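S.K.: This is the structure I have questions about; it appears just below.
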Amino acid sequence: MTRESPSGLSRLRLTVAELLAESRFQLRLVAGGRGLDRPIRWAHSTELLNPGPYLRGHEIVLTVGASLREPAAAVAFAESVHASTASAIGYGIGDVTPEVPEALREACERLGLPLFEVPPDVPFVSFTEWLAERLATAHDVEHDRQEVGRLLGLVGSGLASAEAVRGHVERAGLPDRPLVVAALPVPEVPTGTETPPGVLLGVADGVAVLLAADELPARELAASWLVPCGIGGPVPLAQLSRGLSESRAALDLARRRGGIVRSGDLATFTALLGGIGPHRLEPFIEQIARPLAAYDAAHGTRLIDTLQAFLESDGSVGTASRALFLHVNSLRHRLARIEAVTGRNPLRFEDRIALAVAMWAWGAQN
């Protein structure tokens with residue numbers, strides 16, 4: 001499995017658990033099960049009692065235990081490896097001892113440092129060879145994803161037609177029908193994914209763009225990365241630029257409110273207001289909402305509550321009066337007072353829109 005970074009999605013970041021699951025090594029965990037999610041950067045073999053100064057962090061430290069015959073030495077070795085932020089210890093059995101020393105096992109268990117047994121027929125160099133293979137594969141994947149991201153950026157900006165990515169779409173095994181387009185921010189903390197069949201993934205400017213036959217891959221990736229997600233489409237390939245635009249707009253809204261936002265959520269009053277900068281909403285607060293709040297505070301009235309109930313009743317005096325348990329004439333009196341304070345008549349459609357914007361902005365600010 002590859003692990004991703006903001007500059008691209010394919011910087012290799014394996015975990016101890018994934019190494020243990022590699023069948024070619026036949027490894028057996030003997031201690032430190034709490035640390036199986038630790039990342040692995042490289043492998044380093046040593047017989048030094050204090051290898052810490054020679055480690056950079058996130059290594060698998062491999063040893064046959066030549067310096068660990070005494071319990072105190074085994075404990076010191078484990079503590080040195082742990083202090084260096086290495087990820088795990090691999091102990092090769094058969095050369096010095098037939099099994100992992102008990103003192104080393106106990107120390108690693110106490111430290112939460114994974115310790116696994118390496119069979120006699122597994123040379124230590126095989127770990128570095130395996131990691132090098134994975135790094136090379138990750139480099140190729142990253143290059144492909146960046147190229148796809150670059151092309152999708154050109155399509156989205158109108159500088160290229162959707163035909164520029166047709167070959168990538170076909171190689172990804174996507175069906176010849178409308179595609180769902182999704183956009184997600186690449187997380188700051190590296191996290192992993194493998195591109196499943198039938199999905200095209202590109203990365204550019206810290207945003208991952210995903211093309212798939214349905215929403216499921218985008219939802220799963222957003223859950224895995226713990227990031228918001230904007231979903232556009234579905235659109236035919238010829239209209240890919242529209243899907244890209246919708247997914248970016250949906251992502252902008254998702255960044256502000258969290259979760260997943262679909263293109264259908266964009267054509268709403270709330271989405272429109274959510275895309276307006278605070279400086280554009282400030283006049284509605286200062287000219288409408290704040291004067292009403294000040295009037296309520298000074299006179300013990302409920303003009304803001306009345307206005308909100310009236311707006312929620314779609315401007316119906318009868319419905320709002322029943323919701324507020326008021327006589328219709330009492331409600332009309334309050335609406336007249338709102339007009340006197342704000343200069344906007346709640347019974348006039350254009351003014352009611354301004355009042356609704358003010359109430360939304362006031363609620364968002366408070």
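S.K.: So the label point goes 7 Å from the Cα of E47 along Cα→C-beta, right? Which residues of the stretch 67-84 then have their backbone N under 17 Å from it?
M.R.: What the label zone holds, given the 17 Å backbone N cut-off, is 67-70, 73-74, 77.
S.K.: In units of 2.2 N^0.38 Å, what is the alpha-carbon radius of gyration of the stretch 77-173?
M.R.: Working: Rg = 23.2 Å, N = 97, 2.2 N^0.38 = 12.5 Å.
Dividing the Cα Rg of the stretch 77-173 by 2.2 N^0.38 Å gives 1.85.
S.K.: Tell me the net charge near R110. Cut-off is 13 Å between Cβ atoms, R110 excluded, with +1 for each Lys or Arg and -1 for each Asp or Glu. Walk me through the intermediate numbers first.
M.R.: Values: positive: R34, R105; negative: E79, E102, E106, E109.
Value of the local net charge: -2.
S.K.: Based on the alpha carbon coordinates of the stretch 309-351, what radius of gyration and maximum Cα-Cα distance (Dmax) apply, in Å?
M.R.: Over the stretch 309-351's Cα set, Rg and Dmax evaluate to 9.7, 27 Å.
S.K.: What is the mean projected area of the alpha carbon convex hull for the stretch 228-366, to one decimal in square nanometres? Display every interim value, and only then the final one.
M.R.: On the way: hull surface 39.9 nm².
Dividing the Cα hull surface by four gives the mean projection, 10.0 nm².
S.K.: Here's another thing I want to ask about it. Per the 1.4 Å probe, what fraction of the accessible area of the chain, in percent, lies on carbon and sulfur atoms?
M.R.: Details: 9530 of 17930 Å².
C and S fraction of accessible area: 53 percent.
S.K.: Determine the dipole magnitude for the stretch 272-326: charges of +1 sit on the beta-carbon of Lys and Arg, -1 on that of Asp and Glu, nothing else is charged, the reference point is the Cα centre, and the result goes in debye to the nearest 20.
M.R.: Details: 4 positive and 6 negative charges, 9 e Å.
That gives the stretch 272-326 a dipole magnitude of about 40 debye.
S.K.: Follow-up. Which value, in Å², gives the accessible area per residue of the chain when a 1.4 Å probe is used on the protein heavy atoms? It would help to have the intermediate numbers written out before the result.
M.R.: Numbers: 17930 Å² over 366 residues.
Accessible area per residue, the chain: 49 Å².
S.K.: Given R₀ = 25 Å, what would the calculated FRET efficiency be for E286 paired with H333, taking r from the Cβ atoms and rounding to 0.05?
M.R.: On the way: r = 25 Å, r/R0 = 1.01.
About 0.50, to the nearest 0.05.
S.K.: Also: Taking the convex hull of the alpha carbon atoms in the chain, what volume per residue do you get, in Å³?
M.R.: Working: hull volume 75.7 nm³, N = 366.
So the per-residue hull volume is 207 Å³.
S.K.: How far apart, in nanometres, would the label points at R56 and V125 be if each is projected 7 angstrom from Cα along the Cα-to-Cβ direction?
M.R.: For R56 paired with V125, the spin-label model returns 2.2 nm.
S.K.: Another question, if that's okay. For V341 and R177, calculate 0.36 nm times their separation in residues minus their Cα-Cα distance, and state this gained length in nm to one decimal.
M.R.: Numbers: separation 164, 0.36 × 164 = 59.04 nm, distance 5.62 nm.
Gain on extension, V341 to R177, equals 53.4 nm.
S.K.: Given labels modelled 7 Å from the Cα in the Cβ direction, how far is it in nm from A223 to R34?
M.R.: Distance between the two pseudo-spin positions: 2.9 nm.
S.K.: Now a separate question. Say each of I276 and A66 gets a label point 7 Å from the Cα, pointing the same way as Cα to Cβ; how far apart are those two points in nm?
M.R.: 7.5
S.K.: May I ask you to order 337-344, 242-249 by the average number of other C-beta atoms within 10 Å around their residues, highest value first? Kindly include the intermediate steps, with their values, before the conclusion.
M.R.: On the way: 337-344: 16.8, 242-249: 21.9.
Top of the packing list down: 242-249, 337-344.
S.K.: Quick one: Debye curve from the alpha-carbon atoms of the stretch 18-159 only, equal weights, vacuum; give me log10 I(q)/I(0) at q = 0.11, 0.12 Å⁻¹ to two decimals.
M.R.: -0.45, -0.51
S.K.: To continue, here is another question. Choose one of P101, G153, L201: the residue whose Cα lies farthest towards the positive end of the charge dipole of the chain (beta-carbon charges +1 Lys, Arg; -1 Asp, Glu; about the Cα centre).
M.R.: The Cα lying farthest towards the positive end belongs to G153.
S.K.: Here's another thing I want to ask about it. In the chain, if the dipole is taken from +1 on Lys/Arg beta carbons and -1 on Asp/Glu beta carbons about the Cα centre, which of V16, A361, A218 is farthest to the positive end?
M.R.: So the residue we want is A361.
S.K.: Let me check I've understood the local charge: for V30, count other residues with C-beta under 11 angstrom from its C-beta, Lys and Arg +1, Asp and Glu -1. What total comes out?
M.R.: On the way: positive: R28, R105; negative: E99, E102, E106, E109, E117.
That works out to -3.
S.K.: Express the relative contact order of the stretch 236-366 as a whole percentage, based on alpha carbon pairs under 8 Å and six or more residues apart in sequence. Numbers along the way, then the final one.
M.R.: On the way: 111 pairs, mean separation 28.3, N = 131.
Contact order relative to length: 22 percent.
S.K.: Can you tell me the relative contact order of the stretch 14-131? Whole percent, Cα pairs under 8 Å, sequence separation 6 or more.
M.R.: Working: 241 pairs, mean separation 38.3, N = 118.
Relative contact order for the stretch 14-131 comes out at 32 percent.
S.K.: Hey, with R₀ at 41 Å, roughly what FRET efficiency would A213 and S23 work out to, going by the Cβ-Cβ distance, to 0.05?
M.R.: On the way: r = 32 Å, r/R0 = 0.77.
Working from the Cβ atoms, E equals 0.80.
S.K.: Sequence gap at least 6, Cα distance under 8 Å: using those rules, report the relative contact order of the chain to the nearest whole percent. Don't jump to the answer; show the numbers that get you there.
M.R.: Working: 669 pairs, mean separation 45.8, N = 366.
After rounding, I find 13 percent.
The values are calculated or read from the model by the stated rules, or taken from the named source; none is laboratory data. Everything numeric in this text was worked out from a predicted model, so none of it was measured. Methodologically, a virtual Cβ is constructed for each residue, glycine included, from the backbone with ideal geometry; neighbour enumeration extends over all protein chains shown. Calculation scope for accessible area: heavy atoms of the full protein, side chains included, ligands and nucleic acids excluded. Shrake-Rupley method; radii C 1.70, N 1.55, O 1.52, S 1.80 Å.
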